[in-house]
Amino acid sequence: MSGIGGWKSLQIVFLLVLLNSGHVTASGHGAIEGRLVDNELGIPISYARVIIPGEKAGGMTLTDGSFKIVGIEPGTYSLMAVMPGYEDGLVDSIRVASGQSVEVEMSLTRIDTLEIADYTDGLPPYCEVYGAEKTVTIMSVSFDLKRPHSEYLTESEEALYNDARRRYFPHCDNDWCPRMHGEGILAIVYICPKCREARDKWLEEHRAIGDKISRNRLVY
């Protein structure tokens, strides 16, 4: 994909939908939920911060671009989405009512200073282990996220983790993860939801290894 020069004007489309009160867990409170995508490509954006300015409420988008903020007092709010490589997004005048959820569909425009790399090219769209369809998503890649496991896991911990990864959660992103080191900050990648579920379960069961990986790696 060709690079883009300078800043582009942000384009946000939002749809307000009052949903059934069963979607909101906190009595007397409301929620804001929705999905964040790349404005040009329409691909979900993963791990973007979605916050309500001036409030403690906020969260992060999942691999399908979805997000949900619950426990919001009734009132009128703004919603901001922040992601490296994109212009910050802001939606104003979101009215939250008691026992209801407001759906906000957002799209962000990339800042064209670096290329966005496509790491799905040539890879199968279905997981080889679970047969599940992979999710196409955009991630932000920083140069300091690629520390090898050997730098912070013991030899036995690394061997145990690598064996589990091969058998239970190859991630379907092993092919692109090592190649992202030192390249652009945005990447289009495949993520297998089933592999991620298996990985999260394994790391929960092996907390010492999971804590080390969590402290040293953001994406992988």
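The values are calculated or read from the model by the stated rules, or taken from the named source; none is laboratory data. Note that the structure is predicted; figures quoted are calculated from it, not measured. Reconstructed Cβ throughout: ideal geometry from the backbone, glycine too, with neighbour counts over all protein chains shown.
Identify the single condition in (1) outside any loop (DSSP other than H, G, I, E, B); (2) modelled with pLDDT of 80 or more that SER150 does not satisfy, given that it satisfies every other one.
(2)
Just to check your reading of the model, which residue among GLU87, GLU40, GLU73, GLU105 is over 18 Å from LEU186 (Cα atoms) and under 22 Å from the mean Cα position of the chain (by Cα)?
Going through GLU87, GLU40, GLU73, GLU105 in turn, the sole match is GLU105.
From the list ASP175, ASP144, which residue is surrounded by 15 or more Cβ atoms within 10 Å (Cβ to Cβ) and either modelled with pLDDT under 80 or under 12 Å from ALA117 (Cα atoms) (or both)?
ASP175
What's the total number of residues in the stretch 178-220 that are touching a Cys at 6+ places or on another chain (Cβ under 7 Å) and modelled with pLDDT under 85?
1
Output yes when any residue across the stretch 40-55 is in a strand (DSSP E or B) and either of a type in the set (Gly, Ala, Ser) or on the phi > 0 side of the Ramachandran plot (or both), and no when none is.
no
So is LYS68 touching an Asp or Glu at 6+ places or on another chain (Cβ under 7 Å), under 28 Å from MET139 (Cβ atoms) and in the same structural domain as GLY34 (by TED's automatic domain parsing) or not?
yes
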